[in-house]
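Since the structure comes first, as structure tokens, the remarks are kept for the end.
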Amino acid sequence: INAEYMGTFPRQDKMSHRKYHAPRHGSLGFLPRKRASNIRGRIKAFPKDDKPVKPHLTAFLGYKAGMTHIVRDLDRPGSKAHKKEVVEAVTIVETPPLVIVGLVGYVKTPRGLRPLTTVWAEHLSDTLKRRFYKNWVASKKKAFTKYAQNLATEKGKKEFEEKLHRIVKYCQVIRVLAHSQVNKLPLGAKKAHLVEIQVNGGSIQEKVNWVKEHLEKEVAITAVFEQDEQIDVIAVTKGHGFEGVTHRWGVRKLPRKTHKGLRKVACIGAWHPSRVKYTVPRAGQHGFHHRTEQNKKIYRIGKAIKQADGSVVKNNAATEADLTEKNITPMGGFPHYGVVTNDFLMLKGATAGAKKRVLTLRKSLFPQVNRRATEKVVLKFIDTSSKFGHGRFQTPEEKKGFLGYLKKDGEKEAAAPKAE
């Protein structure tokens, strides 16, 4: 058949053997779907520097405790639910203070940022030093010992000041090295997470002075974020191992009588080109992916149970409408986590990752000005009933008042004198 004869046929634009067009299953924007190299979310971009304001951190580390729900009056004119009560799911992220242990100065080049020099604090905790070792117990624990000895001398102090002077003279970007305090959490972990956080606000000299003042000191979550602020959560999602195409990509199952299984892709491509395209759904790793979720609203920044001045906070889950004296930890503790004793963030909705997972909390890259972002949230009720089953009671006192005197209470009283 010659080419002229073939040109007389109408062009076939429609898909063959398909009655309708359909969008593809699964997004190609998240390729490659592979396991994250690090369990801590990596900050790939920081907010633009704002020189008129005072120097401040642009990110923080938190640990996912679990979820609960809240009740509030919606303040959204035009919405059908305006001035009505709404129930919303929230995530509790425990955020013990970070400890600043160093700073890095970066020079802007045509090929991106280049680190000029790094300055460390003199005293580093063992929880941080564990991060530099595969096997801490078997090691000689010599990390930073010579550095600390040198820094204690006059020569070392002079070199320290010279490095800071070089940073002020040549660098355009200042980032701090800070680590979390995992020993304050119910994780059983001993190795701190180390993170590099950009300092925004003020001149380079003011930034360096701010970091120098805060070396070896704690920075609380209240110094970084505010109530009703929109933040980004960077984390590694919950892992599900090697998974088939039906669950991994959401493709349609084949008919019941299909030969050799039905949770498959029926056709993975044409005969030619004799290759499988990257766009075709295939089985493989599902979950434990690095993800960034933008614009999570902070509903509350809660105080730690034990304050620095020795006072005890017993009502960090109380509201103006619900004056019950109760803390954020639900009855029986957060499942697979425990008791929240440190400062915490209450974020709207869910976040990536399993319980106990470290979350990187970053300030929003762009100023949020829409109505939802600027809405003031006033909580009426925070649920603290048990998350292990169908919890009915908000506090142990409420449970005892409802159930009354129990047999086990009498047994405890009888056993008390024997113990003495």
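The values are calculated or read from the model by the stated rules, or taken from the named source; none is laboratory data. Note that the coordinates shown come from a computational prediction; the quantities given were computed from them, not determined experimentally. Note that each Cβ is placed from the backbone with ideal geometry, even for glycine, and that neighbours are counted across all protein chains shown. The protein model used for the area step is the full one, side chains on, heavy atoms only, and it has no ligands, DNA or RNA in it. Shrake-Rupley method; radii C 1.70, N 1.55, O 1.52, S 1.80 Å.
Results, tabulated for the structure shown:
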| item | result |
| --- | --- |
| Selected residue [touching a Lys or Arg at 6+ places or on another chain (Cβ under 8 Å) and under 22 Å from ALA192 (Cβ atoms)] from LYS355, LYS306 | LYS355 |
| Extreme residue, farthest from GLN307 (Cα to Cα), among residues of segment 333-373 that are in contact (Cβ under 8 Å) with a residue 24 or more places away in the chain and more than 21 Å from the chain's Cα centre (by Cα) | ARG371 |
| Which listed residue, of GLU320, GLU325, is open to solvent by 50 Å² or more (accessible area, probe 1.4 Å), out of contact with any Phe, Trp or Tyr (no Cβ under 9 Å at 6 or more places or on another chain) and under 27 Å from LYS184 (Cα atoms) | GLU325 |
| Only one of GLY250, GLY241 that is more than 24 Å from the chain's Cα centre (by Cα) and either at pLDDT 95 or above or farther than 19 Å from PHE60 by Cβ (or both) | GLY250 |
| Top-ranked residue of segment 19-68 - restricted to ones that are aromatic (Phe, Trp, Tyr) and over 30 Å from SER386 (Cβ atoms), ranked as least open to solvent (accessible area, probe 1.4 Å) | PHE46 |
| Output for segment 79-98, where each listed residue is part of a strand (DSSP E or B), more than 24 Å from the chain's Cα centre (by Cα) and either of a type in the set (Val, Ile, Thr) or over 28 Å from VAL233 (Cβ atoms) (or both) | VAL86 |
| Odd one out for THR258 among (1) of a type in the set (S, T, N, Q); (2) at pLDDT below 95; (3) within 28 Å of LEU345 (Cα to Cα) | (3) |
| Residue under evaluation ARG76, criteria (1) open to solvent by 80 Å² or more (accessible area, probe 1.4 Å); (2) at pLDDT below 95; (3) farther than 30 Å from LEU103 by Cβ, criterion not met | (1) |
